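Contents: one structure, followed by commentary.
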């Protein structure tokens, strides 16, 4: 049922709590027909069975806050987390080639099995990030591209 929802393109804040699917709904992926171009805040809390984040989150060009909490089955953040596909309607067209162009806050809390975060050095992302929280994760090192792209941290 949740996979068939069709949220409004005007949606600015989305909070999903207690989702038991193996993957997040298809409408949250980069190939989705639903555009969430105005979304500024995305909070995902209580994803006990979800094994990966949807690709295309980086294309939410107005996103300022991304919070992932209590997602114990996510082990890896792959390259698709920062993979850009060009489309019209960006909040900031000059930043269209940058993943998460205006993201300010990123939080991964109680993502217990998170061990790997892939971020190739040449990928531009999160230039405005000033708050990064990694709490109760197994991540042993930050990705190479992180420090290079985030002078505000």
Those residues of segment 17-40 that are surrounded by 16 or more Cβ atoms within 10 Å (Cβ to Cβ), touching a strand residue (DSSP E or B) at 6+ places or on another chain (Cβ under 8 Å) and modelled with pLDDT of 90 or more come to a total of 2
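Residue by residue, here is whether (1) at pLDDT below 85; (2) crowded, with 18+ Cβ neighbours inside 10 Å; (3) in a loop (DSSP other than H, G, I, E, B) holds:
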{"residue": "121", "(1), (2), (3)": "yes, no, yes"}
{"residue": "133", "(1), (2), (3)": "no, no, no"}
{"residue": "138", "(1), (2), (3)": "no, no, yes"}
{"residue": "148", "(1), (2), (3)": "yes, no, no"}
{"residue": "151", "(1), (2), (3)": "yes, no, yes"}
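Take segment 61-74 and flag every residue that is outside any strand (DSSP E or B), within 18 Å of residue 36 (Cα to Cα) and touching a strand residue (DSSP E or B) at 6+ places or on another chain (Cβ under 7 Å). Even if it seems obvious, please write down each step before you answer.
Keep residues of segment 61-74 that are outside any strand (DSSP E or B), which gives 61-64, 70-74.
Still in the running and within 18 Å of residue 36 (Cα to Cα): 61-64.
Hits for segment 61-74 are 63, 64.
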Being over 15 Å from residue 74 (Cβ atoms) and over 14 Å from the mean Cα position of the chain (by Cα): is that true of residue 128 here? yes
Of the conditions (1) modelled with pLDDT under 80; (2) touching a helix residue (DSSP H, G or I) at 6+ places or on another chain (Cβ under 8 Å); (3) within 18 Å of residue 129 (Cβ to Cβ), residue 94 satisfies every one except a single condition; which number is it? (2)
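The values are calculated or read from the model by the stated rules, or taken from the named source; none is laboratory data. Keep in mind it's a predicted model, so treat the numbers as computed, not measured. A quick note on method: Cβ atoms are made from the backbone with ideal geometry, for glycine too, and the neighbour counts reach across all protein chains shown.
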